[in-house]
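The values are calculated or read from the model by the stated rules, or taken from the named source; none is laboratory data. Everything numeric here is computed off the predicted structure, so don't read it as measured data. Every residue, glycine among them, receives a Cβ derived from its backbone with ideal geometry; neighbour counts consider all protein chains shown.
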Amino acid sequence: MTQTLSLADLRKNYALGSLSETDVASSPFDQFRLWFEQALAARLAEPNAMTLATVTPDGRPDARIVLIKGADERGFTFFTNYESRKGQELAATPYGCLLFHWIELERQVRIEGRVEKVSAEESDAYYHSRPVGSRLGAWASVQSAEVADRTIIEQREAEFRRQFGDAPPRPPHWGGYRLAPDAIEFWQGRESRLHDRIKFFRLADGGWRVARLSP
């Protein structure tokens, strides 16, 4: 007899750690650095992968996975095609939410705030640190646009390789964004679904208020 998978029966008990108001650092950036270093030490698969959520002009949510490329007191940085769907959405509504899910550590980090383009100098520096194939790919891909088949993309990549060789300049439509947070939540799984949720709220003077949220 065929067994039917019951999604409602899939459960996991969280019991690896805890988090309290007295545990967290005074700065959410310091707390993020601590957890990120622990994710690196645990050798997680792509701990730098995060969900970026945006909103369409008609108010529909949109989300995708991107890679974080910088984190400091100014905010959290990623790079993409400015003319992509997410770029167009951010141009219309410059706010987003980032989500890290480090499932092996039973942790999540949710980051909310305003998104702005980084400087041309920052975009240039990161672009030229990438492998040449990735740099050419930024030229070849008209990101989010419909395409008849893959050969068109491959032909465009070959054309730009002939044009630029191994030294392509940064495309004007490609660069970085920085999300400047006004709220950051740290989530630690706990038993019986009574998870620990500690959230930092940015104050008008630039400081932070810390609060516990009910699970």
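I'm checking my understanding of the structure. Among residues of the range 65-88 that are in contact with a Lys or Arg (Cβ under 8 Å, 6 or more places away or on another chain) and charged (D, E, K, R), which one is surrounded by the fewest Cβ atoms within 10 Å (Cβ to Cβ)?
Per the criteria, the residue is Arg74.
Among the residues of the range 89-139, write down those that are aliphatic (A, V, I, L, M) and crowded, with 20+ Cβ neighbours inside 10 Å.
Across the range 89-139, the qualifying residues are Leu90, Leu98, Val109, Ile111, Val115, Val118, Leu136, Ala138.
Run down Arg193, Arg135, Arg161 and say which single residue is in contact with a Leu (Cβ under 9 Å, 6 or more places away or on another chain) and either at pLDDT 95 or above or on the phi > 0 side of the Ramachandran plot (or both).
Arg161
For Phe160, work out the one condition from (1) part of a helix (DSSP H, G or I); (2) over 21 Å from Gly70 (Cα atoms); (3) in contact (Cβ under 8 Å) with a residue 40 or more places away in the chain it doesn't fulfil.
Condition (3) is where Phe160 drops out.
For the range 83-104, state whether one or more residues are touching a Phe, Trp or Tyr at 6+ places or on another chain (Cβ under 7 Å) and in a loop (DSSP other than H, G, I, E, B).
Scanning the range 83-104, I find no residue that is touching a Phe, Trp or Tyr at 6+ places or on another chain (Cβ under 7 Å) and in a loop (DSSP other than H, G, I, E, B), so the answer is no.
Mind listing whichever residues of the range 13-66 are touching a helix residue (DSSP H, G or I) at 6+ places or on another chain (Cβ under 9 Å), β-branched (Val, Ile, Thr) and either part of a strand (DSSP E or B) or in contact (Cβ under 8 Å) with a residue 40 or more places away in the chain (or both)?
Result: Val24, Thr54, Val55, Val66.
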